[in-house]
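Working notes, structure below.
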Amino acid sequence: MGKPLGATGEFFRRRDEWRKHPMLTNQFRHAFPGLGIAVVAFTIYCVGEYAYNNMSQPSHSTTSASHSH
């Protein structure tokens, strides 16, 4: 495994245990529950709306001269 920590290494290992506390790890993942699903759903909505708008646009023909400005 490795050489033993000794008294000094054991002292610092115990002092650093707070860094592995569950409240301090993965904070950003648990800060906004459902954010990832919401981002995916919104992205699918935007892509779907873009595709629908591009498919449902009337074709632009140059023969129609009745444009009012």
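The values are calculated or read from the model by the stated rules, or taken from the named source; none is laboratory data. None of the values given here were measured: they were computed from a predicted structure. Counting neighbours? That spans all protein chains shown, and the Cβs are built from the backbone with ideal geometry, glycine included. Just the protein is used for accessible areas: all its heavy atoms, side chains included, with ligands, DNA and RNA removed. Shrake-Rupley method; radii C 1.70, N 1.55, O 1.52, S 1.80 Å.
At 1.4 Å probe size, with no ligands or nucleic acids counted, give the accessible surface of residue 10 in Å², nearest ten.
Roughly 60 Å² of residue 10 is accessible to a 1.4 Å probe.
Starting from the Cα of residue 18, step 7 Å along the direction of its Cβ; do the same at residue 32; then give the gap between the two resulting points in nm.
Result for the modelled spin labels: 2.9 nm.
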